[in-house]
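Derivation of every value follows stated rules applied to the coordinates shown; laboratory data play no part. Here the structure is a predicted model, which is why all the values come from computation and not from measurement. FYI the Cβ positions are ideal-geometry reconstructions off the backbone, even for glycines, and counts take in every protein chain you see.
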Amino acid sequence: MGKLCTHELIACELAAKFYLEIGRVRIARTYIEDARYCYICWGATAKVLHLEKHYSQLLGRIFSEVGTIAAQSTLKSTTDSPKLDLMTVMKAAQMLSEEIVLEKLLKKLMQTIIENAGAQRGYLILERQGQLFIEAAGSVDLEDISVLKSIPIDNKVVMLGLPTTIINYVARTKENVVLNDAKKEEKFNRDRYLINSAKTHPVTSILCTPLIHQGKFLGVVYLENNLAMGAFSLERLDILQLLCSQAAISLENAQLYAEKEEYSQTLEQRVADRTAQLEKANQELHRLASLDGLTQIANRRRFDEYLTLEWKRSLREKQPLSLILFDVDYFKRYNDCYGHQAGDECLKQIAKESSNAVKRSIDLLARYGGEEFAVILSNTNTEGATVVAQEIRDRVRQLKIPHQQSQVKDYITLSLGISTIIPDLNSSPEILIASADTALYEAKKQGRDRIISNQ
């Protein structure tokens, strides 16, 4: 389900209230669940808590299945799987690239950044002739983004709720500032805004990043989230910087459009150049959307796409297509014993060694889910797939990653299942996956740390 705009979210909530008042509980439950889910995606935690408190009779089913927003936050802290919807970021970037009117762009830009960064509020500050001006401000609690008509940055902006020390530092050094708990940061603890806010509503998480395009400093994006410490992860910063790079291009395009009379002879070429740069950035976002955030190999979505393509090609050429599924023996015990961080490092090392074993560019190694991996081998029979599987197994065994809780060895081992099919009209990719999965579980059944093929 994609993210809804503010008016649609409010409409869902009001519809739930209306149907609840007239006794149509089932319809009311549908609307309030939609509103709650989209507020979670938007990062509006306070609004989610409000819904859970006032509509607990409708959200009882949600609580029994996934828990309250607080429980979900606890769950989120125990896993490192990426939570950002990269496809949504790509669509947002495309939306920004299509806007050329400066005022509309500022509104869309602030809304997009706040939503995708998980911020409560944010400010867009642009440089002009060596001076910084606040151009736009937004908050998840407001229905609209405010375009502030170039308010200059000075000591008076403390009243607006901005730490000038941090903003000027980012503008001067062109470096990111990410604070997980602002009140404990000695570097900026003398800022007037942070001192004043500590008395009423202490500032928790801050992200301040420069807007730079082709080495030119354009301004600063300032974001806050005071509901949780460490709200702005490195992953969010990476995605935000990609988004800001496109925003910087769009801002220049919009400014060029506003000055089109003066630059009428060169505008078309400059816009074309920036459009090409936007396309390049969109391609990078597409690449990120196909990667597993932890292991940096292909993710499940890319696996499904590639398997479909290779199945069609093998069907036309009547060539064998092999699939290897493998996972880590007793991985849950490994996590329980050594911790999730060690588990993540273990998966990274396995992905790296497996990539070295899968040598052909036409083959694909993907993280299938959790500790399970998959290898698609084009034009490969069972014997060839077995060679690749054996090399993956041997490389991982040579890592000698300690595993005291394993019942196989005292180090990490793998169980691998192989299936090979020459596609025809009576078979399908799902049959190939099911066959490889059966072989994998047969390997586990026979004692793990082994390779089983299922032709």
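Regarding Gln390, is this residue of a type outside the set (Asp, Glu) and farther than 23 Å from Thr438 by Cα? Step through it out loud before you land on a result.
Numbers: of a type outside the set (Asp, Glu): yes; farther than 23 Å from Thr438 by Cα: no.
For Gln390, the condition - of a type outside the set (Asp, Glu) and farther than 23 Å from Thr438 by Cα - is not met.
For segment 117-133, give me each residue that is assigned to a strand (DSSP E or B) and touching a residue at least 24 places away in the same chain (Cβ under 8 Å). Break it down stepwise before answering.
We begin by selecting, within segment 117-133, every residue assigned to a strand (DSSP E or B); these are 121-128, 131-133.
Arg121, Gly122, Tyr123, Leu124, Ile125, Leu126, Glu127, Leu132, listed by residue number.
List every residue pair whose Cβ atoms lie under 7 Å apart, where the two residues are 6 or more positions apart in sequence or sit on different chains, the first residue falls within segment 216-238 and is of a type in the set (Phe, Trp, Tyr), and the second residue, located anywhere, is surrounded by 18 or more Cβ atoms within 10 Å (Cβ to Cβ) and assigned to a loop (DSSP other than H, G, I, E, B).
Taking only residues 6 or more apart or on different chains, the pairs are Tyr222/Leu162.
With the requirement that a residue be closer than 22 Å to Asp394 by Cβ and touching a residue at least 60 places away in the same chain (Cβ under 8 Å), what does segment 323-361 give you?
Leu323, Ile324, Leu325, Phe326, Asp327, Val328, Asp329, Tyr330, Tyr334, Cys346, Ile350, listed by residue number.
Can you tell me which condition Asp394 does not meet? The list is (1) free of Cβ contacts under 8 Å to residues at least 12 places away in the same chain; (2) under 27 Å from Leu315 (Cβ atoms), and all the others hold.
It fails just one condition, (2).
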